[in-house]
Structure formats: C-alpha cells, structure tokens
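Everything below concerns the one structure shown next.
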C-alpha cells in the first residue's frame with residue numbers, strides 16, 4: 001500500500017495497523033467499516049480523518065487495481081450487461097429438448113453443476129458436453145471436474161468419450 005498516489009501515508013499506516021494489508025483489502029472494504037476499525041485503534045494522530053477521506057482512499061485503491069488490470073470495473077449499466085449476455089456462447093447438450101429448456105444450451109463463462117442419482121447418466125452427459133464444446137470452429141474449452149473419480153477408475157471412460165465423439169461427427173482428437 002506504500003505510495004498510493006494522492007493518499008496520506010499516515011492514513012495508510014493507520015489503516016495497515018487496523019488490518020488493511022494490501023490495496024486489494026483497501027479496495028474491497030467499505031469506508032464505514034474502515035472508519036470504525038480506524039477509530040477502534042484511535043490515538044491523537046487520528047484527528048481529521050473522516051468518512052470522506054477514507055472513501056477517497058478506497059476509490060483510489062480501486063482505481064489503481066483497475067488500471068493494473070487486477071480488478072474489473074465494478075459498475076456496468078443494464079445495456080452493457082445485455083450486450084454481454086447477447087454475446088454469450090452456449091454449448092449444446094446434444095438434446096434439442098434439453099437445449100430448448102435451457103434457453104439454447106449450457107452457458108459458457110459459468111459454473112454448471114450436474115447432479116443426480118448413481119447411474120443416472122451424469123458422466124455421460126459431461127462426456128457429451130466435452131465433445132459438443134469442441135465441435136465448432138471456435139476455440140472452446142470445457143473443464144470437467146469429476147468428483148466421483150470415474151474417469152481414472154475405468155478405462156471404458158476413454159472409449160465412451162471416443163464413441164460419443166464419433167457418434168456426434170467430431171473427428172477432433174482434442175476432446176481427450
């Protein structure tokens with residue numbers, strides 16, 4: 001936090017003493033929380049520190065992290081978000097009915113949990129997603145977190161993925 005431009009070093013030292021150890025800590029805290037922490041460690045050198053002063057320090061820390069590419073701009077208009085949603089790619093599940101139900105398929109840039117009873121087809125569904133994600137000309141990626149360790153337990157998993165790949169017409173070998 002040393003040398004944050006436009007912020008009094010004495011204030012930064014006091015905030016550090018109150019538990020703020022990094023620019024990230026400062027940027028993700030609220031000014032009222034910091035003011036409360038600051039005055040709980042109050043001494044005579046704290047005179048003149050108010051909510052606005054700490055708010056400015058928080059804003060400057062956020063701006064520094066945004067400039068450094070470590071924090072995304074925290075405000076987006078509804079129009080901005082709509083444009084992002086329009087460009088969002090969806091991966092087909094391999095089932096037209098399920099894709100229709102999901103509004104076009106599984107969303108990319110999101111975490112999707114697949115849950116169900118033992119033997120209900122969760123792994124096969126994930127194998128299909130791995131294949132269909134790689135069927136387009138775009139560079140898609142999918143991360144399959146196998147919490148039941150089914151991929152390493154059976155050698156049939158590899159052949160099941162290959163069968164799914166060929167059944168869907170995907171000749172790319174990058175699925176494995």
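Where a number appears in this text, it was derived from the coordinates with a stated rule and is not lab data. Because the structure is a prediction, the values reported are computed rather than measured. Cβ sites come from the backbone with ideal geometry, for glycine too, and all protein chains shown count toward neighbours.
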Please report 84, 7 as a ranked list, fewest other C-beta atoms within 10 angstrom at the top and most at the bottom.
84, 7
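Compute the FRET efficiency between residue 144 and residue 77 as 1/(1 + (r/R0)^6), taking r as their Cβ-Cβ distance and R0 = 41 Å, and round to the nearest 0.05.
Values: r = 35 Å, r/R0 = 0.85.
Efficiency at R0 = 41 Å is approximately 0.75.
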Using the beta-carbon distance between residue 5 and residue 110 and R0 = 41 Å, what value does 1/(1 + (r/R0)^6) give for FRET efficiency, to the nearest 0.05?
0.65
